[in-house]
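What follows is one structure encoded as structure tokens, with my remarks underneath.
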Amino acid sequence: MLDDIWVDESVFALRPDFAVLLVTTHGLRNGPSDDRSRAWLADASACSAQPEKIEAWRDAYRAFGAKPSRTRPSVDALSRRLPLPEINQVVDAYNSISVKHALPIGGEDLDHYSGPARLIRAVGDEESEEALGRPEPGEVIWRDDTGVTCRRWNWRQGARTRLTEETVNALFILERLEPMTMEELKTAGEELGDLLSELSPEVRVHTRLLSGGR
């Protein structure tokens, strides 16, 4: 699965500085938020704001015609919800890393995927859940063989592949634009892996980096 994920060249043409760190985990044990995951959220909520990173995502949204004041990049929306909301242990883990590094992160249930994930610019006729709406031509979307899994790059995820307390195998999508460095992207991935391993000591973690320079 990890080796089959791809990013279309049109996305790199839109933002040559884009890179995505893909993290797959097998053998997760998830559960309701607890004192440990609440502490992660509290620590992240206390981190200093990093507006320059969030502004880079707003610029990326404008580049494909979206209005970031109406449909906000995920990390922008999340950073406005302080203190961070409790969802479940695994989602709390990646939300805390997202806010700490001002880095959009998505979590997907691999067992609900149909074919590999890919990041493309929409044609406009892609199948999409009613709650998500149909993507507009040129919009950046994540999708699989069934249809859209996340609209407007990282704005809103579909319910079909959402992480739940029953999730065992997952894909985490860590999306980087400058001024975030590649080293910080790598560090964020390692920190996420550490938190997931703390939740599930026997979890198997694999990573893959995709960028315009390969």
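Where a number appears in this text, it was derived from the coordinates with a stated rule and is not lab data. All of these numbers come straight from a predicted model, not from anything done at the bench. Please note: Cβ atoms are built from the backbone with ideal geometry, for glycine as well, and neighbour counts cover all protein chains shown.
With N set to the residue count of the stretch 22-139, report its C-alpha Rg divided by 2.2 N^0.38 Å to two decimal places. Don't skip to the answer; put the middle values down first.
On the way: Rg = 16.0 Å, N = 118, 2.2 N^0.38 = 13.5 Å.
Cα Rg divided by the expected 2.2 N^0.38 Å: 1.19.
Using just the Cα positions, wrap the chain in a convex hull and report its mean projected area in square nanometres, one decimal place.
Details: hull surface 42.0 nm².
Projected over every direction and averaged, the Cα hull of the chain covers 10.5 nm².
Starting from the 7 Å offset along Cα-to-Cβ, what nm value, one decimal, do you get for the label separation of Thr187 and Leu14?
So the two model labels end up 2.9 nm from each other.
Where a ≥ b ≥ c are the square roots of the eigenvalues of the C-alpha gyration tensor, would you call the stretch 122-214 rounded, which needs a/c under 1.5, or, failing that, prolate if a/b is larger than b/c, or oblate? If you can, show how the numbers build up before the last one.
Values: a/c = 2.63, a/b = 1.37, b/c = 1.92.
Oblate.
Compute the length gained on full extension between Ala77 and Asp43: take 0.36 nm times their separation in residues and subtract their Cα-Cα distance, giving the result in nm to one decimal.
On the way: separation 34, 0.36 × 34 = 12.24 nm, distance 1.79 nm.
Fully extending the segment from Ala77 to Asp43 adds 10.4 nm.
Please work out whether the stretch 144-198 counts as rounded, prolate or oblate from its C-alpha gyration tensor, where a ≥ b ≥ c are the square roots of the eigenvalues and a/c under 1.5 means rounded, while otherwise a/b larger than b/c means prolate and anything else oblate?
On the way: a/c = 2.95, a/b = 1.26, b/c = 2.34.
It is oblate, given that a/c is not under 1.5 and a/b is not larger than b/c.
Do the sum for the chain: with -39,500 (n - 2.57) for every DSSP H run of n ≥ 4, divided by all residues, what is the mean residue ellipticity at 222 nm, to the nearest 500 deg cm²/dmol? Spell out each step's value before the answer.
Working: 6 runs with 67 residues, N = 214.
Rounded to the nearest 500, it is -9500 deg cm²/dmol.
Assuming a viscosity of 0.890 mPa s and a temperature of 25 °C, what translational diffusion coefficient in µm² per second does Stokes-Einstein assign to the stretch 37-85, Rh being the Kirkwood radius over Cα pairs?
In µm²/s, the coefficient is 210.
Kindly state, to the nearest 0.05, the FRET efficiency for Arg162 paired with Arg204, given R0 = 25 Å and r defined as their beta-carbon distance. If you can, show how the numbers build up before the last one.
Details: r = 22 Å, r/R0 = 0.86.
For Arg162 and Arg204, the calculated efficiency is 0.70.
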